[in-house]
Amino acid sequence: MNKLILFFALLFTGTNAISQDCSRFYPLSEGTTMQITSYGANEKVAGIIDYSVDNVQTNADVVTATMNTTIKDKKGALIAETDYEVSCSDDVVSIDFKSMMSQHSLKQFENLETEVTGTNLDLPNNLSVGQELPDASMNIKINMSGINMETAININNRKVIGKEDVTTPAGTFSCYVISYSTDLSTMGMNQSSNAKQWISEGVGMVKQEDYNKKGRISSSSLLTAFSK
């Protein structure tokens, strides 16, 4: 369960470093670092994700950042390391779901036929309360000796619902609050959940809460360190 919490934390905090020239909310400069701590429903640490910006390139009007991510469990043991790219153009940050897929996870299926497709998770520079944001999706197909396994993740109903100040060990931040729902389907099993994410100008994601069907917090994430 803790690894699943860390997977979704990685999925939704991966935009923590995008060009300040291209994006209002996410700084991008080589050497920028941030740390997200993930918690379970019992508010105990489930794991820690460290990000660093190792490479920034500009091609025409597109800025592309290479992000290095290290995921550790609550005891500090390494779970995975991965690099992925995030692009920014036309005042929109776009996360490529294929590049967000953990190489550690894919390595388990390296001898199998695997296909990852999806619709990028986009965030525009200009946000306002009440604004609706585009849906996103990811679909993973794995062929195991003629048996097809498929996992689909759909992110729906994204909406800016407010502005709040949030205090974390990394500081106090003025944030937009974005709500969304996630539908997960795998091997005939379906699971739905709701979440809120707090993002701050020049920093990125500061806080996230995931809720179960009863509206209770099932997991959360918090920005615990930030440097640029």
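Every number here is computed from the coordinates shown, using simple stated rules; none is lab data. Predicted model only: the values in this text are computed from it and were never measured. Neighbour counts run over all protein chains shown; Cβ positions are idealised from the backbone, glycine included.
A few notes on this one:
- Modelled label positions at SER128 and SER185, each set 7 Å beyond Cα in the direction of Cβ, lie 3.5 nm from each other.
- Within-13-Å neighbourhood charge of ASN156 [Cβ basis; K, R +1; D, E -1]: -1
- Listed pairs LYS72/LYS228; LYS141/LYS214; LYS207/LYS228; LYS141/LYS196; LYS72/LYS163; LYS72/LYS196 exceeding 26 Å between Cα atoms: LYS141/LYS214; LYS141/LYS196; LYS72/LYS163
- Potential lengthening between ASP135 and GLU164 on full extension [0.36 nm per residue; Cα-Cα distance subtracted]: 8.1 nm
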